[in-house]
Number of protein chains: 2
Amino acid sequence: MSSREHWFPSHMREMGEAECLEALAAHEVGRVAYCDDGGAVVLPVNYTLDQDTILIRVAPHSGLARHLRGAQASFQIDDFDAYNQTGWSVLVRGEASYVDSGDLPAGQDPPFAWAEGQRTLHIRITPHEITGRRLIPA
Amino acid sequence: MSSREHWFPSHMREMGEAECLEALAAHEVGRVAYCDDGGAVVLPVNYTLDQDTILIRVAPHSGLARHLRGAQASFQIDDFDAYNQTGWSVLVRGEASYVDSGDLPAGQDPPFAWAEGQRTLHIRITPHEITGRRLIPA
């Protein structure tokens with residue numbers, strides 16, 4: 001028995017869509033995921049939530065831009081507490097599409113990218129499924 | 001201009017494989033990702049690094065078990081510092097396979113799952129590609 005295994009395991013429970021959207025609204029870094037011939041690619045990005053869709057900003061000639069042109073795309077966020085062995089995660093599955101500048105939300109900051117580079121292309125992930133789960137201390 | 005945009009953007013640099021493996025060895029929670037008809041699925045899991053492969057433990061009748069039987073699978077870890085707008089991420093792409101109990105590493109704790117449930121099935125992700133990138137303050 002590992003020294004850690006005397007802890008009681010945490011309970012898993014599903015998060016409702018409203019709770020998932022609340023978590024998405026409260027954060028600014030997540031992971032975009034897409035599939036290519038080699039399987040799943042998962043990359044961190046800055047994002048904003050725009051009316052229940054995910055808005056990210058990428059460089060026009062990047063791999064992300066190439067793979068997220070009218071394609072299936074997923075988006076994931078999570079957070080953990082190693083001491084309490086708890087955490088939560090939200091998974092958004094949907095379709096990615098390029099966004100015309102006229103369709104960007106007015107009066108709201110665009111997703112601000114921490115990384116350098118000309119990230120002039122906006123991509124929207126429109127969910128068809130939002131699920132989440134939360135690990136709660138026993 | 002957003003109030004945040006006066007920060008200088010961070011520099012992105014590639015991480016070498018040794019640096020990626022060092023990061024993988026130093027953590028215990030990551031995300032396994034696979035593809036199904038709806039695109040990419042990304043789910044947090046506890047893991048251990050076993051001789052440059054990723055070892056996770058799942059419930060035998062779970063969706064993860066069903067999708068990771070001799071299939072392409074990716075694994076991702078990252079960490080961020082929102083104040084400094086820096087961070088790093090590592091992406092492992094490879095093949096998942098079920099592990100016989102005789103093939104588990106001796107003298108090493110199996111991956112300990114925070115969540116409750118009978119996670120009796122071990123799955124190994126054997127990388128064919130390990131990449132990482134780091135955002136460094138300007």
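In the set (1) in contact with a helix residue (DSSP H, G or I) (Cβ under 9 Å, 6 or more places away or on another chain); (2) at pLDDT below 90; (3) among the aliphatic types (A, V, I, L, M), the condition left unmet by B:Ala113 is number (1). Picking from residues in the range B:1-28 that are surrounded by 17 or more Cβ atoms within 10 Å (Cβ to Cβ) and modelled with pLDDT of 95 or more, the one that is farthest from the other protein chains (Cβ to nearest Cβ) is B:Leu21. Checking each residue in the range B:41-53 for being under 19 Å from B:Gly102 (Cβ atoms), away from chain A (no Cβ under 12 Å) and surrounded by 14 or more Cβ atoms within 10 Å (Cβ to Cβ) picks out B:Asp50, B:Thr53. In the range B:88-128, the residue that is nearest to A:Val29 (Cα to Cα) out of those that are more than 16 Å from the chain's Cα centre (by Cα) and not in a loop (DSSP other than H, G, I, E, B) is B:Ala115. Residues that are within 17 Å of A:Ala115 (Cα to Cα) and among the β-branched types (Val, Ile, Thr) were ranked within the range A:37-72; the one that is farthest from the chain's Cα centre (by Cα) is A:Val58. Of the residues making up the range B:54-87, just one is among the β-branched types (Val, Ile, Thr), within 22 Å of A:Glu28 (Cα to Cα) and buried (at least 19 other Cβ atoms within 10 Å of the Cβ), namely B:Ile77.
Within the range B:29-40, the set of residues being part of a strand (DSSP E or B), within 7 Å of chain A (Cβ to nearest Cβ) and not aromatic (Phe, Trp, Tyr) comprises B:Val29, B:Arg31, B:Ala33, B:Cys35, B:Gly39, B:Ala40.
Just the residues that are within 13 Å of chain A (Cβ to nearest Cβ) and either under 15 Å from B:Pro44 (Cα atoms) or out of contact with any Cys (no Cβ under 9 Å at 6 or more places or on another chain) (or both), please, taken from the range B:115-133. B:Ala115, B:Glu116, B:Gly117, B:Gln118, B:Arg119, B:Ile125, B:Thr126, B:Pro127, B:His128, B:Glu129, B:Arg133 - these are the residues of the range B:115-133 that are within 13 Å of chain A (Cβ to nearest Cβ) and either under 15 Å from B:Pro44 (Cα atoms) or out of contact with any Cys (no Cβ under 9 Å at 6 or more places or on another chain) (or both). The set of residues in the range A:73-87 being more than 24 Å from A:Ala106 (Cβ to Cβ) and within 14 Å of the chain's Cα centre (by Cα) consists of A:Ala73, A:Ser74, A:Gln76, A:Ile77, A:Asp78, A:Asp79.
The residues on offer are B:Ser101, B:Ser97, and the sole one that is more than 9 Å from chain A (Cβ to nearest Cβ) and closer than 23 Å to A:Tyr34 by Cα is B:Ser97.
The values are calculated or read from the model by the stated rules, or taken from the named source; none is laboratory data. Treat the numbers as computed from the prediction; the structure is a model and nothing was measured. Positions of Cβ are generated from backbone atoms using ideal geometry, with glycine treated the same way; all protein chains shown enter the neighbour counts.
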